[in-house]
1. If the requirement is being open to solvent by 30 Å² or more (accessible area, probe 1.4 Å) and at pLDDT 90 or above, which of these qualifies: 89, 35, 11?
2. Given the conditions (1) of a type in the set (S, T, N, Q); (2) part of a loop (DSSP other than H, G, I, E, B); (3) open to solvent by less than 30 Å² (accessible area, probe 1.4 Å), report the number of the one that residue 44 does not fulfil.
3. Residues to consider are 74, 62; find the one that is in a loop (DSSP other than H, G, I, E, B) and touching a residue at least 24 places away in the same chain (Cβ under 8 Å).
4. Looking at (1) open to solvent by less than 70 Å² (accessible area, probe 1.4 Å); (2) among the aromatic types (Phe, Trp, Tyr); (3) within 28 Å of residue 56 (Cβ to Cβ), find the lone condition where residue 188 falls short.
5. Count, please, the residues in the stretch 120-164 that happen to be of a type in the set (D, E, K, R), over 20 Å from residue 217 (Cβ atoms) and part of a helix (DSSP H, G or I).
6. Pick from the stretch 136-163 the residues that are of a type in the set (A, V, I, L, M) and touching a Phe, Trp or Tyr at 6+ places or on another chain (Cβ under 7 Å): which of them is farthest from residue 93 (Cα to Cα)?
Amino acid sequence: MLVAAAVCPHTPLLVPALAGAAQAELDELRSACRTAVAALRDTSPDLLVVVGGAGLTGRYGAQAAGSLRPWGVAVRVGRGEPVLPLSLTVGRWLLESGLEDGPGAVAFQAVASAAEPEDCLALGAKLAGEGRVALLVMADGSACLTPRAPGHHDPAARPYNDLLVRAVAGADGEALAALDAAEADRLWVGGRAALQVLAGAASGGEFAGRVLAEAAPYGVGYFAGLWERHPHSAEAARL
């Protein structure tokens, strides 16, 4: 079953060398991400799965490597030839930040950014069936929040981004499951597929959610959140 989940942005701007003018704002976000990851570890899961969007759906093992060199910083994580997509590379970087003993029992799950919602939900349910599983979900919000955003500014972007934040804060899997893939794509929502994997993994469980930080530097919505098993749920009582 899913025992806990963290939601963090997959932007390489989390790496201090790339933060630029938004350094102070991203410091708070980065700290919140580390707090969320630490909370995942505290649940002592059998397996921690990092989930993030990519061109294709696929699974990578515990030693899989990634590099941020294409984004201008010589940061490398894992071993061997870099194969992880950006979202999972940033996720691995978060897992390894400040650790001396490695990330532990971990796997990396890419989900196609264009995957249909039902496929994302099914993938999440499959992951939740792999024992006591914790998910680190790498998901950006809309990149259309301001006229200077990477996407074309769209007045619908802010309400949509706020919907995502509310769903994460309220551990509302139903709201995430109902996200429209076409609208998310139009609004440059980088984390839609990964968030729907979370919805599938959490289906049938009771969770308490909270948002630890929220920021929108450069017109892109970023948020860090945490879902924990509700202490009064039957599942939590058996853990």
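1. Result of the check over 89, 35, 11: 35.
2. So residue 44 meets the others, but not (3).
3. Criteria check complete, one pass: 62.
4. Just one mismatch for residue 188, condition (1).
5. Result for the stretch 120-164: 1.
6. 149
The values are calculated or read from the model by the stated rules, or taken from the named source; none is laboratory data. Note that the coordinates shown come from a computational prediction; the quantities given were computed from them, not determined experimentally. Cβ coordinates were reconstructed from backbone atoms using ideal geometry, including for glycine residues, and neighbour counts include every protein chain displayed. Side chains are part of the model used for accessible areas, which takes the heavy atoms of the whole protein and leaves out ligands, DNA and RNA. Shrake-Rupley method; radii C 1.70, N 1.55, O 1.52, S 1.80 Å.
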